[in-house]
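Asker: Can you read through this structure? Questions will come right after.
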Amino acid sequence: MTEPDITPEVIAAHGFTPDEYAEVLRILGREPTFTELGIFSAMWNEHCSYKSSKKWLRTLPTSGPQVICGPGENAGVVDIGDGQAVVFKMESHNHPSYIEPHQGAATGVGGILRDVFTMGARPIAAMNALSFGVPEHPKTRHLINGVVEGIGAYGNAFGVPTVGGEVRFHPSYNGNCLVNAFAAGLADADRIFYSAASGVGMPVVYLGAKTGRDGVGGATMASAEFDDTIEEKRPTVQVGDPFTEKCLLEACLELMASGAVISIQDMGAAGLTCSAVEMGDKGGLGIRLNLDRVPQRETAMSAYEMMLSESQERMLMVLKPEKEAEARAIFEKWDLDFAIVGETIPEDRFLILHGNEIVADLPLSKLSSSAPEYDRPWEPGPRRTDVPEVPDIPALDALTVLLTSPDLAHKAWVWEQYDTQVMGDTVRPPGCGAGIVRVHGTPKLLAFTSDVTPRYVAANPVEGGKQAVAEAYRNLTACGATPLAATDNLNFGNPEKPKIMGQFVGAIQGIGEACRALAMPIVSGNVSLYNETDGSGILPTPTIGAVGLISSADRLIGGAAREGDVALLLGTTHGHLGQSALLWHVMGRDAGDAPAVDLSAERAHGDFVRENLARIGGCTDLSDGGLAIAAFEMAEAGGTGVALDAGDLPTLFGEDQARYLIAAAPDDAEALLAAAAAAGVPLARVGAFGGSDLRLGDQGAPMAELTEAWRGVFPALFGA
Amino acid sequence: MKAAVIVFPGSNCDRDIAVALKQAGAQVTMVWHKDDALPDGVDLVAVPGGFSFGDYLRCGAIAAQSPIARALRFHAERGGYVLGICNGFQVLTELKLLPGALLRNAGLRYICRTVPLTVTNAGTAFTSGYAAGQTIALPIAHHDGNYFADDETLARLKGEGQVAFTYGDNPNGSRHDIAGIVSANGRVLGMMPHPERAADPAHGGTDGRALFAGLADALERV
């Protein structure tokens with residue numbers, strides 16, 4: 001088969017800069033073949049190589065006594081005691097979801113589930129953090145309907161409960177929505193599977209679905225900005241098959257239990273290329289592949305297409321040769337392809353054969369470890385020193401505006417399209433802080449949350465980065481969990497712009513500081529850059545997914561208040577309105593600085609909640625919309641009302657950090673106040689739960705009316 | 001009670017139903033769809049929820065052609081007990097062990113939420129743990145739960161007491177609010193709601209427990 005010539009146009013179309021291509025020539029000492037160029041392009045694009053972000057990612061804390069495996073594998077692994085581990089990661093599928101929302105989001109879910117079960121873990125929980133343009137934008141309704149349907153279609157059929165997530169709207173996402181998918185799985189701590197190949201002459205086995213032409217060049221697409229040629233990019237979006245993935249999960253777990261697996265890697269971005277190179281590179285080995293043996297869905301596929309295909313539901317494994325028959329029988333039972341497509345070789349070569357010809361012969365380690373790395377110029381954003389004016393609006397009207405804003409409105413419209421209960425271990429479905437599942441057959445619970453406030457990050461990347469981690473810490477703490485570790489999904493614009501790179505650098509600094517102070521190391525993650533359309537970037541959105549452990553169900557704190565409970569506010573209120581939901585939704589302004597995050601206060605207040613949980617009836621963290629929104633949500637969850645003493649906007653809607661709202665029976669409230677005084681932690685009575693009204697100072701409205709308005713927003717905007 | 005849970009590729013509530021049956025005291029065996037026989041002495045065959053064969057044809061249609069389906073039909077025709085939940089209900093209609101069909105939800109969306117139900121017939125082995133007319137709350141989680149049957153069939157189902165559960169606030173467009181039906185001999189139950197997801201206080205509801213406990217009691221008495 002003749003391959004196209006390597007012309008300057010072909011080189012540019014593969015996303016190489018002149019310097020990068022010169023490096024390819026230097027490594028090879030000759031011109032690459034077309035297939036080789038494709039392989040280099042797949043390995044060196046931003047999505048796979050992290051070339052703009054690596055320098056800064058290295059500064060994040062990634063270790064701790066609880067960490068079994070940090071970043072660098074398919075997912076992070078964290079000890080949860082009793083010989084068990086939780087395996088988790090969050091990953092973006094932004095670009096595909098904007099081009100084709102249903103399949104883009106579905107395959108995002110599929111990819112993250114595969115990352116988790118490749119490590120030997122059965123997925124037990126999923127979350128999704130979604131950012132869309134404003135509801136009035138002509139594409140938003142189509143995107144949110146497609147994305148939510150796609151997430152549901154994949155996760156529901158696969159059989160993993162979706163227990164949490166976020167949905168936000170902002171004009172900066174009008175041309176570039178974000179779909180960040182999180183998955184967590186459960187494994188035995190001593191039975192984790194890694195990607196490093198070992199042993200020479202070991203069979204390399206292809207598992208799962210057949211290879212088609214879908215997604216060829218997808219990773220390169222995801223590393224470019226969008227422009228008006230976007231419709232032409234549709235063929236690079238893959239199509240998901242959750243049924244095959246479910247079968248692949250069961251087959252892989254059976255295979256792993258059989259002892260046949262030396263190493264295993266899922267085929268995600270850049271499919272066969274990336275998975276084979278990673279297994280070889282990590283094991284210090286070369287790989288030889290014979291593409292004639294690759295199970296193919298279409299006829300006459302070229303080597304280039306097979307090496308770059310992103311067909312879904314595929315795995316690559318290095319097999320113990322003596323176990324071949326047993327392994328093959330497992331895959332036949334599940335009606336999945338099982339093909340020996342190559343072997344490990346001692347020399348540093350990535351050798352690809354097709355139709356009795358060598359189509360690629362590359363030094364394998366150079367594809368991964370020699371990938372370009374950039375220290376891109378960056379500049380810190382201007383410091384926001386403006387002090388926002390307080391809106392002139394009655395508190396109750398402000399609350400109504402917030403409750404009916406799409407960011408804070410009730411989101412059952414979204415999560416009722418997800419199976420939140422399959423596996424029978426969901427203790428707290430979405431809608432009330434962290435999502436919680438049981439560790440099957442044990443008294444332990446795992447809590448999951450995902451958080452970031454992009455307005456804060458835009459105004460102050462360092463404090464905004466800290467805040468994302470702090471809010472995740474608080475959401476886990478509020479249900480009684482001890483935060484264990486986090487995964488970061490860093491969504492930013494074009495890193496070649498110093499201002500965008502400055503946002504990235506600042507956010508990483510803040511995330512790192514907070515993760516260190518709160519003992520939540522980053523164990524996995526993903527970077528999505530070039531989230532821009534026609535030169536206009538998204539708000540910087542470093543989503544933090546975090547996992548916490550509750551040692552037994554009796555240590556779970558609910559999120560609801562009961563009639564007669566006292567409302568206690570833990571933490572200090574300064575009435576910080578900069579970048580608040582109040583300013584944004586009521587005045588349409590993003591004025592002021594982000595709230596400062598006091599990490600020692602976060603730690604102290606979190607510890608206070610955990611140490612006193614027996615006396616806490618319900619708890620929620622204070623975030624967007626401050627005290628008033630938290631009080632409404634706790635009252636609503638408990639089917640009761642609430643009266644807050646304060647009536648001024650800064651107290652009710654300020655977004656100072658390190659704060660929790662606690663509901664406690666009067667006796668317990670007294671004890672908590674005494675305990676706080678003894679511990680030197682600020683805790684004060686701010687009101688009482690009960691009745692059927694919500695009262696802010698001297699104004700009040702029936703809860704039923706507010707709740708109806710709050711619940712009605714999504715169906716009215718996006719279809720009943 | 002000896003129970004078998006059939007596992008199709010794509011089943012995903014097989015473990016959940018096994019947990020609920022064991023909790024009610026049943027001995028449970030998982031049976032792979034390629035098997036052509038059920039274990040000896042099985043009282044109850046449970047057909048679990050999920051997406052058998054991906055539901056890529058009509059829901060349950062391919063599962064109804066599995067090798068185990070013939071044994072399932074024989075078990076039912078011999079008077080054995082069969083419980084089909086969600087996708088299992090769809091499989092039972094495809095097998096014609098129950099009349100009617102489950103169409104796409106009227107709102108066209110997948111729905112997962114806890115809904116109120118009325119126990120319309122408490123006289124079957126499956127519903128003996130409830131009182132007739134009792135209102136219970138069970139989760140639903142389906143895209144294709146809109147029960148359809150022709151007028152004549154509906155009249156027969158109602159007349160013969162074959163409607164086991166109805167929705168309080170019809171979520172999916174089912175005719176006559178039907179959420180679950182039994183066969184003419186009362187020994188085959190198909191229902192869209194998931195009693196196994198409300199069988200433990202940790203689930204936030206325990207209204208499903210009586211179904212498994214009642215069934216275990218009734219079968220002990222047989």
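The values are calculated or read from the model by the stated rules, or taken from the named source; none is laboratory data. Computed from a prediction, not measured in an experiment: that's the story for all the values here. Ideal geometry is used to build each Cβ from the backbone, glycine not excepted, and the neighbour counts take in all protein chains shown. For the accessible areas, the whole protein counts, side chains as well, though only heavy atoms, and no ligand, DNA or RNA atoms are used. Shrake-Rupley method; radii C 1.70, N 1.55, O 1.52, S 1.80 Å.
Asker: Within the range A:587-611, how many residues are open to solvent by less than 40 Å² (accessible area, probe 1.4 Å) and touching an Asp or Glu at 6+ places or on another chain (Cβ under 9 Å)?
Answerer: So the answer is 7.
Asker: Still on this structure, I have one more. Would it be correct to say that residue A:279 is open to solvent by less than 10 Å² (accessible area, probe 1.4 Å), in contact with a Ser or Thr (Cβ under 8 Å, 6 or more places away or on another chain) and farther than 25 Å from residue A:49 by Cβ? Step through it out loud before you land on a result.
Answerer: Details: open to solvent by less than 10 Å² (accessible area, probe 1.4 Å): yes; in contact with a Ser or Thr (Cβ under 8 Å, 6 or more places away or on another chain): yes; farther than 25 Å from residue A:49 by Cβ: no.
It is false that residue A:279 is open to solvent by less than 10 Å² (accessible area, probe 1.4 Å), in contact with a Ser or Thr (Cβ under 8 Å, 6 or more places away or on another chain) and farther than 25 Å from residue A:49 by Cβ.
Asker: Another question about this same structure. Filter the range B:22-59 down to residues that are more than 14 Å from chain A (Cβ to nearest Cβ) and hydroxyl-bearing (Ser, Thr, Tyr), then give me how many there are.
Answerer: Within the range B:22-59, residues that are more than 14 Å from chain A (Cβ to nearest Cβ) and hydroxyl-bearing (Ser, Thr, Tyr) number 1.
Asker: Can you name the residue in the range B:171-222 that is within 14 Å of another protein chain (Cβ to nearest Cβ) and of a type in the set (S, T, N, Q) and is also nearest to residue B:124 (Cα to Cα) among such residues?
Answerer: If we take residues in the range B:171-222 being within 14 Å of another protein chain (Cβ to nearest Cβ) and of a type in the set (S, T, N, Q), then B:206 is nearest to residue B:124 (Cα to Cα).
Asker: Identify, by number, the condition in (1) within 11 Å of chain A (Cβ to nearest Cβ); (2) out of contact with any Gly (no Cβ under 6 Å at 6 or more places or on another chain); (3) buried (at least 22 other Cβ atoms within 10 Å of the Cβ); (4) not basic (Lys, Arg) that residue B:62 doesn't meet.
Answerer: (3)
Asker: Within 14 Å of another protein chain (Cβ to nearest Cβ) and in contact (Cβ under 8 Å) with a residue 60 or more places away in the chain - does that describe any residue in the range A:389-404? Break it down into steps so the answer makes sense when it comes.
Answerer: Filtering the range A:389-404 down to residues within 14 Å of another protein chain (Cβ to nearest Cβ) leaves none.
Within the range A:389-404, none of the residues are within 14 Å of another protein chain (Cβ to nearest Cβ) and in contact (Cβ under 8 Å) with a residue 60 or more places away in the chain.
Asker: In addition: Tell me which residues, restricted to the range A:391-407, are open to solvent by 20 Å² or more (accessible area, probe 1.4 Å) and over 10 Å from residue A:628 (Cα atoms).
Answerer: A:392, A:393, A:394, A:397, A:400, A:401, A:404, A:406, A:407
Asker: Is there any pair linking a residue in the range B:56-70 that is farther than 16 Å from residue A:241 by Cβ and among the polar types (S, T, N, Q) to one that is open to solvent by less than 20 Å² (accessible area, probe 1.4 Å) and at pLDDT 95 or above, with Cβ under 6 Å and at least six apart or on different chains, and which?
Answerer: Qualifying pairs under 6 Å: B:66/B:33.
Asker: Scan B:150, B:144 and give me the residue that is within 14 Å of chain A (Cβ to nearest Cβ) and among the acidic types (Asp, Glu).
Answerer: Result of the check over B:150, B:144: B:144.
Asker: Residues in the range A:542-553 that are crowded, with 23+ Cβ neighbours inside 10 Å and assigned to a loop (DSSP other than H, G, I, E, B): how many?
Answerer: The qualifying residues number 0.
Asker: Does the range B:121-134 include one or more residues that are open to solvent by 50 Å² or more (accessible area, probe 1.4 Å) and aromatic (Phe, Trp, Tyr)?
Answerer: no
Asker: I need the full set of residues from the range B:75-89 which are open to solvent by 10 Å² or more (accessible area, probe 1.4 Å) and either over 22 Å from residue B:216 (Cα atoms) or of a type in the set (Val, Ile, Thr) (or both), in order please.
Answerer: none
Asker: Quick one: in the range A:431-488, of everything that is β-branched (Val, Ile, Thr) and open to solvent by 20 Å² or more (accessible area, probe 1.4 Å), which residue is farthest from residue A:615 (Cα to Cα)?
Answerer: A:462
Asker: Being without any contact (Cβ under 8 Å) to a residue 60 or more places away in the chain and more than 21 Å from residue A:2 (Cα to Cα) narrows it down to one residue among A:326, A:322; which is it?
Answerer: Answer to the check: A:322.
Asker: Let me ask another. Checking the condition under 30 Å from residue A:58 (Cβ atoms), modelled with pLDDT of 95 or more and within 33 Å of the chain's Cα centre (by Cα), which residue from A:372, A:377, A:406, A:382 passes?
Answerer: The match here is A:377.
Asker: Hey, does the range A:79-87 have a residue that's under 19 Å from the mean Cα position of the chain (by Cα) and not in a strand (DSSP E or B)?
Answerer: no
Asker: Taking the criterion of being in contact with a Leu (Cβ under 8 Å, 6 or more places away or on another chain), surrounded by fewer than 20 Cβ atoms within 10 Å (Cβ to Cβ), assigned to a loop (DSSP other than H, G, I, E, B) and modelled with pLDDT of 95 or more, would at least one residue in the range A:554-569 satisfy it?
Answerer: yes
Asker: Only residues in the range A:2-18 that are in a helix (DSSP H, G or I) count as the first member; pair them with residues that are modelled with pLDDT of 90 or more, Cβ under 6 angstrom, at least 6 apart or cross-chain, and list the lot.
Answerer: Qualifying pairs under 6 Å: A:11/A:21.
Asker: Among the candidates A:133, A:120, which residue alone is touching a strand residue (DSSP E or B) at 6+ places or on another chain (Cβ under 8 Å) and open to solvent by 10 Å² or more (accessible area, probe 1.4 Å)?
Answerer: When all the criteria are applied, what remains is A:120.
Asker: Taking the options A:160, A:205, name whichever one is modelled with pLDDT of 95 or more, within 14 Å of another protein chain (Cβ to nearest Cβ) and in contact with a helix residue (DSSP H, G or I) (Cβ under 8 Å, 6 or more places away or on another chain).
Answerer: Every option except A:160 fails the conditions.
Asker: List every residue pair whose Cβ atoms sit under 9 Å apart, with the two residues 6 or more apart in sequence or on different chains, where the first one lies in the range A:171-191 and is in contact (Cβ under 8 Å) with a residue 12 or more places away in the chain and open to solvent by less than 10 Å² (accessible area, probe 1.4 Å) and the second, anywhere, is in a loop (DSSP other than H, G, I, E, B) and among the polar types (S, T, N, Q).
Answerer: A:173/A:531; A:176/A:531; A:178/A:531
Asker: Would you confirm, using the coordinates I've provided, whether residue B:70 is out of contact with any Leu (no Cβ under 7 Å at 6 or more places or on another chain), open to solvent by 10 Å² or more (accessible area, probe 1.4 Å) and assigned to a loop (DSSP other than H, G, I, E, B)?
Answerer: Criteria not met by residue B:70.
Asker: Here's something else I'd like to know. Given the criterion on the phi > 0 side of the Ramachandran plot and within 34 Å of the chain's Cα centre (by Cα), identify the matching residue among A:313, A:332, A:305, A:298.
Answerer: None of the other options fit; the residue is A:313.
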